[in-house]
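The values are calculated or read from the model by the stated rules, or taken from the named source; none is laboratory data. What you see is a predicted model, and the numbers here were worked out from it, not measured in a lab. Every residue, glycine as well, gets a Cβ built from its backbone with ideal geometry; the counts of neighbours run over all protein chains shown. We work out accessible area using only protein heavy atoms, side chains counted, and drop any ligands, DNA or RNA first. Shrake-Rupley method; radii C 1.70, N 1.55, O 1.52, S 1.80 Å.
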Amino acid sequence: MPTSPSDLADRVTLADLEGDPHPVLAGLRAAGRAAWVPILGAWLVTGYDLAVAVLRDARTFTVDDPRFSTALVVGPSMLSLDGAPHARHRGPFNRAFRHDEVYARLAAFTRAETGRLVSAIEPHGAAELRRAVAGPLAAAVMAEVLGLGQADPATILAWYDGIVAAVQAESAAPGRGGAAGGTAAFGELAASLREVIAGGASLLADVTGPLTAEEAISNAAVLMFGGIETTEGMIANAVAHLLSSPDQLTLVLADLGLVPAAVEESLRLEPAAAVVDRYATRDTRLGGAEIRAGDQVTVSIAGANRDPAVFAAPDTFDVRRPGAGRHLAFAHGPHFCLGAHLARLEAQVTVETLLARLPGLRLDPGYPSAPRGLVFRKPPALRVRWDAGGPERTGPALVLDEAVPAQPCQRHAVCGTAGRCASAGPSLFSTATMTATSPARTAVPLAGPPSMEWPRTTSRMPPDPRLIRQRTRAVRASRTTPMTASSRPVRAIRNRRRRAGRTAG
């Protein structure tokens, strides 16, 4: 007789889920896409379709519950609220994290900081990449976003470590005092952020109209927590997957335009945030499971991302996989990751820079590199070697095609700086520095189809922002101007954009 979901779920251990959870998740999914797992005290959802259903339905499956561990450490925020309060907390941050704003304000800084970090390790021929590159880069970028660009990187990482440890302690043992260290770290962070708000001309100063200073700080802590923890893991996992797959690495080395696809496939195969928690607000049925009001429902992003009903050969790392962008690594629905565009930028730039600058990059065989973790999954350490002093790869740099429509943002973020972008000015995200094209862009939707693909890439130089504005004005004018010989190029530009939009969607 086939094994029932309850039989399998009763045998699941934390060690199973922290080490290599994928065989267990596959077994649970095959037996039933939602099962009560006693060790978690929750319904574990492993099927893709049910995961999407839970993440979309914030009325039935909410984050607004006293058990939601992040709120216990940093206070109410867009991460721990739903409905109108969630929209009020998230809304003031939406514009700054749109695709065009992120790339206009942070692409140059991200490349410069990544180059600086790689230059520091380049002569040595060996490094531990999580804390030498991935973590410091994520911290530097979030410091820049939050107006903490002059803070000591080690201090920022210490705050982040304290908050992460506290959230994990509360998740494992609610109410047992494990969050004390995180509360202290959050207090220090909050004091620094109050100074940023008082100084004006920053993202946090801008959002303190719709939000109180305390609300802005709580949301900033959530952004920092997600922007460092998950981005560091995302970078480390992508590098580990590539270096563990010689055939796929060969493809990417031959064509750096495959880097974004490699990052997407890594997000699918091993999402940095493996699970997200929700709480049932009413009795409901989920697949074959009878959910009671108050039950915890844990969505296994890792399980959904390997559902064979959606992804063929789901345990295989394939940089040319069609539809890899359907993964749920950034969740789905109203809580889709606010920082998805920024995280992708950081991961793509880092992978490209490492492959281009460190010839013969490979895993150090003397150390394990397999991801671990129940909630956040990444290698405990990512030790690598390369041929120091070898020839640097040449070829066109990877440039994201800004003419392709951006993927809609549907979720909040759970998502040190030694060098600043010389062109950034005092604040990357002040109201005064928003690009001229921003007001014309459509508002970011709260939900979108799970099949959205990340924009394609190109090796050509990025378009001049002034030229983009000129073309935009010309296209708008052409909508009310009869077709003439001189307007045909403008019409051609518009048609190309339409075709690109159909391709990206």
*Report, by residue number, each residue of the stretch 140-163 that is assigned to a helix (DSSP H, G or I) and closer than 19 Å to residue 216 by Cα.*
141, 142, 143, 144, 145, 146, 156, 159, 160, 163
*Within the stretch 7-51, can you find the residues that are open to solvent by 60 Å² or more (accessible area, probe 1.4 Å) and in contact with a strand residue (DSSP E or B) (Cβ under 9 Å, 6 or more places away or on another chain)?*
10, 18, 20, 33, 36
*Just to be sure, is residue 61 among the aromatic types (Phe, Trp, Tyr) and closer than 16 Å to residue 226 by Cα?*
no
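When you look at residue 297, is it of a type in the set (A, V, I, L, M), closer than 18 Å to residue 44 by Cβ and open to solvent by 10 Å² or more (accessible area, probe 1.4 Å), yes or no?
Values: of a type in the set (A, V, I, L, M): yes; closer than 18 Å to residue 44 by Cβ: yes; open to solvent by 10 Å² or more (accessible area, probe 1.4 Å): no.
So residue 297 fails the test.
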*asked:* Here's a check for you: in the stretch 300-321, which residue that is aliphatic (A, V, I, L, M) and buried (at least 20 other Cβ atoms within 10 Å of the Cβ) is nearest to residue 66 (Cα to Cα)?
replied: 301
_Top-ranked residue in the stretch 160-185 [being within 22 Å of the chain's Cα centre (by Cα) and open to solvent by 20 Å² or more (accessible area, probe 1.4 Å); ranked as modelled with the highest pLDDT]_ = 161
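Here is a list: 106, 79. Which entry is more than 25 Å from residue 369 (Cα to Cα), assigned to a loop (DSSP other than H, G, I, E, B) and not acidic (Asp, Glu)? Talk me through it step by step, then tell me what you get.
On the way: 106 fails: assigned to a loop (DSSP other than H, G, I, E, B).
Testing whether each residue is more than 25 Å from residue 369 (Cα to Cα), assigned to a loop (DSSP other than H, G, I, E, B) and not acidic (Asp, Glu) leaves just 79.
When you go through 131, 56, 88, 67 one by one, which is the residue that is charged (D, E, K, R), touching a Pro at 6+ places or on another chain (Cβ under 9 Å) and at pLDDT below 95?
On the way: 131 fails: touching a Pro at 6+ places or on another chain (Cβ under 9 Å); 56 fails: at pLDDT below 95; 88 fails: at pLDDT below 95.
Criteria check complete, one pass: 67.
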*Looking at the stretch 236-273, which of its residues are small (Gly, Ala, Ser), within 9 Å of residue 317 (Cβ to Cβ) and in a helix (DSSP H, G or I)?*
262, 266
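Inside the stretch 73-93, can you point out the residues that are of a type outside the set (D, E, K, R) and surrounded by fewer than 21 Cβ atoms within 10 Å (Cβ to Cβ)? Break it down into steps so the answer makes sense when it comes.
Taking the stretch 73-93 first, the residues of a type outside the set (D, E, K, R) are 73-81, 83-87, 89, 91-93.
Matches in the stretch 73-93: 75, 76, 83, 84, 85, 87, 91, 92.
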